[in-house]
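Working notes, beginning with the structure itself.
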Amino acid sequence: MQVLKSIKTYIVGKFHPQSYLSPELITLLTVHAFFLLGVGLSNTFINIFLWKVEKDLSIVILFNAIYYATIPLVFIFAGWLAKRMSLTFNLRLGIICYSILYIILLILQNNAAKYVWLLGILLGISGGFYYLSYNVLGYDFTTDDNRDYVMGVQGLVLSMSTMIAPVAAGSLIELIKGLKGYVLIFSISLTLFLIAAVLSTKIPIQTINKHYYIKSILFMPFKKKNWRYVMIGESFRGFREGVMMFLIGVLIFSMVNSELFVGYYTLASSMVQLYSFYFISRRMRPGTRKKYLFIGVVAVMIAALVFLLALNVVTLLIYSIIISFFVTFINNPTAGIIYWVIHKTPNSKKRRIEGIVVREVYLNIGRVLGVLLLLLTISKNANAIPFIIVCLSLSQIVVWYLFNKVKIE
């Protein structure tokens, strides 16, 4: 911890005056780093693992649809449980559920595709508990002044974890032939989750109002314009994101049939994203969020047009590199604006958990709709994937339009 404190002292004031990381936030980011390493080793290849077993893209799509549909329901329950217990309790519960998921994968192995509904639900439960707590604690440990910078640092942690884990996992799978390589990386993930769970005990327990205001916040978009703009905007962001989070990796693997190549692809994408987060953390401020959002949306739409030429490994890699840099221009500004809207809600300190829950509900509504669109389309025409990617990307102009309408007071 002393090393981390020294790093924090160096960072404070180095990039801009709001570059402050509290001791609580450093602890949270440390936990998150180990968690992401565990997830990065395995999650990158869960979709590929399912595809490899069945050679059926619809199984992978169904798995993700179940996952996205489960998350908002778990977020609603996790918010209630956090009010009764604590955010750190939920954080550890999410880590434990992830561990259970990988234990089940170790047991099922070749039969995993037959229980895709169970795996999707378990992943949704795990993500719901963990990310509810992580997002709320991240909100608590920051202010609107330094939130853009902190989200940049969070992105750096994410990028570094995704740089290391997939290449390591891909190398092990290539080295240990068959499904034994998958068994090994799932086992290593369990160890990293255990470390994260132990470190999470160092995060201070936050004071939480026990009353759960979920009904009033859930319907806030019907009452307040700013809430309506950001939540519908999140649904449109999820509309594209839900599909692209898994589709590109599976398509690349289906063409090259090499986990190691997928690992190197992820490494390259993460390196670009690492620089993007660094770039954003140094330059973006609350007053420039909408400008960067517009740039990101335009870049995402233009990048997708490459698939009108061809759908192959080269176009997939070109698209991924461009998106890895510019998607940060969408995700960070939208998150910053949403947190500002939550903060400006009356009694926001008492209802911040509910605000994070509702954001996730609307985001995953969009994700489910996007994935179902993909499933319905390829069931009729398997060659329509390039056009689906283009349509999903073009829809992001709605994200900019809605977030741009938010009135910043």
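The values are calculated or read from the model by the stated rules, or taken from the named source; none is laboratory data. On a predicted model such as this, the values are computed, not experimentally measured, just so you know. Quick reminder, even Gly has a Cβ in these numbers, built from the backbone with ideal geometry, and neighbours come from all protein chains shown. The protein model used for the area step is the full one, side chains on, heavy atoms only, and it has no ligands, DNA or RNA in it. Shrake-Rupley method; radii C 1.70, N 1.55, O 1.52, S 1.80 Å.
Counting helices only, and only those DSSP H runs with n ≥ 4, report the 222 nm mean residue ellipticity of the chain as the sum of -39,500 (n - 2.57) divided by its residues, in deg cm²/dmol to the nearest 500.
My calculation for the chain gives -27500 deg cm²/dmol from helical runs alone.
Enumerate the helices in the chain for which the Kyte-Doolittle hydropathy averages 1.0 or more and the C-alpha atoms extend at least 27 Å along the helix's axis, using complete DSSP H runs.
Result, helices passing both filters: 23-54, 57-84, 87-108, 116-140, 147-175, 180-199.
Report the semi-axes of the equivalent ellipsoid for region 84-193 in whole Å, largest first, where each axis is √(5λ) for an eigenvalue λ of the Cα gyration tensor.
For region 84-193, the ellipsoid semi-axes come out as 30, 20, 10 Å.
Hull surface divided by four, with the convex hull built on the Cα atoms of region 144-246: how many nm²?
Numbers: hull surface 42.7 nm².
For the Cα atoms of region 144-246, the hull's average projected area reads 10.7 nm².
Test of understanding: in a Gaussian network model of the chain with alpha carbons linked when under 10 Å, which of Ile248, Ile59, Ile302 would top the mean-square fluctuation ranking?
With Cα springs under 10 Å in the chain, the top fluctuation among Ile248, Ile59, Ile302 is at Ile302.
Among Ile76, Ile46, Ile203, which one moves the most in a GNM of the chain with springs linking Cα atoms closer than 10 Å?
For the chain, modelled as a Gaussian network with Cα springs under 10 Å, the answer is Ile203.
So what are the radius of gyration and Dmax for the Cα set of region 198-357, in Å?
Cα radius of gyration and Dmax of region 198-357 are 19.2, 55 Å respectively.
Find the Cα radius of gyration of region 90-151, compare it with 2.2 N^0.38 Å by division, and give the number to two decimals.
In units of the 2.2 N^0.38 Å rule of thumb, it is 1.49.
Quantify, in whole percent, the carbon and sulfur part of the accessible surface of region 186-286 (1.4 Å probe; protein heavy atoms only). Walk me through the numbers on the way to the answer.
Details: 3030 of 4670 Å².
The C+S portion of the solvent-accessible surface of region 186-286 is 65 percent.
Just need the relative contact order of the chain here, percent rounded to a whole number, with Cα pairs under 8 Å and 6+ apart. Intermediate values should be presented prior to the final figure.
Values: 589 pairs, mean separation 105.3, N = 409.
Over the chain, the number comes to 26 percent.
Where does region 308-409 land on the Kirkwood hydrodynamic radius, alpha-carbon pairs, in angstrom?
Kirkwood hydrodynamic radius for region 308-409: 16.2 Å.
In the chain, how does Rg compare with the Kirkwood Rh, expressed as the Rg/Rh ratio over alpha carbon atoms? Intermediate results must be reported in sequence, preceding the final value.
Working: Rg = 20.2 Å, Rh = 21.5 Å.
Radius of gyration relative to Kirkwood radius: 0.94.
Among Ser320, Ser269, Ser216, which one moves the most in a GNM of the chain with springs linking Cα atoms closer than 10 Å?
Ser216
Within region 31-121, which trypsin sites (Lys or Arg not before Pro) sit in a loop by DSSP and count at most 12 neighbouring Cβ atoms inside 10 Å?
Lys55
Take the alpha-carbon centre of region 253-284, take the same for region 331-402, and report the distance between them in whole Å.
22
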